[in-house]
Amino acid sequence: MSVENQPRSVSQTEQYEKCGWRFYLQRVERVPPRPAAWSFHGTAFHSAAEAWERSSRTLEADEVTELFHEQYTGMVNEALAEEPNTDRWLAAGRYTGGEDIERRYVLGMDQTAAYVEWSKANRPALWTEPNTGGPALELSFMVELGGVKVRGFIDQALEEDEGKVEDEDEVRVRDLKTGTMKSKFQLQTYSVAMRKQWGVKVNRADWYLAKTGRLSRPVKVDQVSEDEIGQRFADMDAGVKAGNFPANPGFDCNFCDVSHGCIFFSSKT
Ligand code: SF4
C-alpha cells in the first residue's frame, strides 16, 4: 500500500510532526535506518512482560529474563550482521554504540526481573477482552479518527481501580515504557480508541516506567475529545497526501536513524 493510503499511527504522526523530512526518508525513500540498541531493549522488555502476564504470572523470574535475553540478543545479532560497525549505531548520551548494546542488555535484564516482582506484588487487574475472553494485552485496534484510519496496539488495559470501581465498563489504559520520552498524545489516542472500539469508559491512563519500576501518576483523559485527537491525524494525513514533508533540523537530528541520508542534518545541541 502506498504511503498516502496507509492507516496512520501515533508514532507516524509524531514523527511527521517533529520532522516531516524524516518521515519522507524513512517511509517514502526507504532509507535503511541505522540500528539503535534502545529500540531492541524496548521490544524485548515488552515481549518478556507480555509473556509473564500471559502465563497468568506462573513463569519463574529467570524464565522471563531468559525471554528478554533471547529476544534482545537475537535482534542485536541480526542487526550486527547488517551493520557490524557499532560506531554507526545510534546511541544516546556519552555511550558509544558498542557500550550502549552492553549496557542495555544489563539494564533490560534487571528491568524485566523488576517488572515481574512489581507485578507479583501489585497484581494489576487486567481487563478481559470480551471477544477473546483473554487478558487485555497488546490490544490491536483500528478506528477512524478525524476521517483517517488509525491503528495501534495498546500494551495493557486494566480494570479501573483494581476492579473496585462499581462501573464494570471502566478501564484504564497502560503503556509500558523503557525510555524517558512519554507521549500524552499516545495515551489520549489509545483511550479514545478503546472507547470507540470496545465501548468502555476510559477516564485515566498511565505508564509503567521500567526506569523506576513504578507506575506514573495517572493522566486524566476523560476530557479528551475525539475531534481534538482526530485533528492531529487529519492534519498529518493531509500533509502526507499533499507531498508536504518539512524538514526540522535541530536537537532531534542526534537521534535520527536516517540522518546519514539527510541533506538537512544539523548536530545542534
Ligand atoms: S537528520 Fe534532522 S532534519 Fe534530517 S531527517 Fe533527521 S531529524 Fe529531520
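Where a number appears in this text, it was derived from the coordinates with a stated rule and is not lab data. None of these values were measured; they are calculated from a predicted model. Using ideal geometry, Cβ is built from the backbone for each residue, glycine included, and neighbour counts are taken over all protein chains shown.
Computed extension length for Asp235-Leu215: 4.0 nm, one decimal, from 0.36 nm per residue of separation with the Cα-Cα distance subtracted. By the helix-only formula, in which each DSSP H run with n ≥ 4 contributes -39500 (n - 2.57) and the sum is divided by residues, the chain has a 222 nm mean residue ellipticity of -13500 deg cm²/dmol.
Mean separation of Cα pairs under 8 Å and 6 or more residues apart, divided by the residue count, gives the chain a relative contact order of 23 percent. Peptide packing for 120-126, 202-208 was compared via the average number of neighbouring C-beta atoms within 10 Å per residue; ordered from the highest value, the list is 202-208, 120-126.
Assuming a ≥ b ≥ c are the square roots of the Cα gyration tensor eigenvalues, decide whether region 42-137 counts as rounded (a/c under 1.5), prolate (otherwise, with a/b larger than b/c) or oblate. Since a/c reaches 1.5 and a/b is larger than b/c, the shape of region 42-137 is classed as prolate.
To check you understand DSSP bridge types, tell me what percent of the beta bridges within the chain (both residues inside) are antiparallel, rounded to 5. Don't skip to the answer; put the middle values down first.
On the way: 18 of 27 bridges.
Expressed as a percentage, antiparallel bridges in the chain total about 65.
Summarising the amide proton neighbourhood of Ala247: residues at separation of 5 or more, or on other chains, whose placed amide H is nearer than 5 Å comprise Trp21.
Helix by helix, which DSSP H runs in the chain go 27 Å or more along their axis at the Cα atoms and have an average Kyte-Doolittle hydropathy of -1.0 or more? Sorted by number, the helices that extend far enough and score high enough are 61-82, 97-122.
The stretch between Asn85 and Asp222, if pulled fully straight at 0.36 nm per residue, gains 44.6 nm over its current Cα-Cα span. Note on Arg57/Ser140: beta-carbon distance plugged into 1/(1 + (r/R0)^6) with R0 of 22 Å gives a FRET efficiency of 0.45.
Taking label points 7 Å from Cα along the Cα-to-Cβ direction, Asp169 and Thr128 give a separation of 1.7 nm.
Pick out, in residue order, every one of the trypsin sites (Lys or Arg not before Pro) in region 210-269 that is DSSP loop and has at most 14 other C-beta atoms within 10 Å; say none if there are none.
On the way: sites: Lys211, Arg214, Lys220, Arg232, Lys241, Lys268; in loops: Lys211, Lys268.
Here the sparse-neighbourhood loop sites are Lys211, Lys268.
Among the trypsin sites (Lys or Arg not before Pro) in region 1-75, which ones are in a DSSP loop with at most 11 other Cβ atoms within 10 Å of the Cβ? Mind listing them? Here the sparse-neighbourhood loop sites are Arg30.
Loop only by DSSP, 10 or fewer other Cβ within 10 Å of the Cβ. Give me the GluC sites (Glu not before Pro) in region 166-269 that pass, ordered by residue number.
On the way: sites: Glu166, Glu168, Glu170, Glu226, Glu228; in loops: Glu166, Glu168.
Answer in residue order: Glu166.
Extending 7 Å from the Cα toward the beta-carbon at both Met181 and Glu99 defines two label points whose distance is 2.2 nm. For Lys196 and Phe153, the difference between the fully extended length at 0.36 nm per residue and the C-alpha to C-alpha distance is 14.1 nm.
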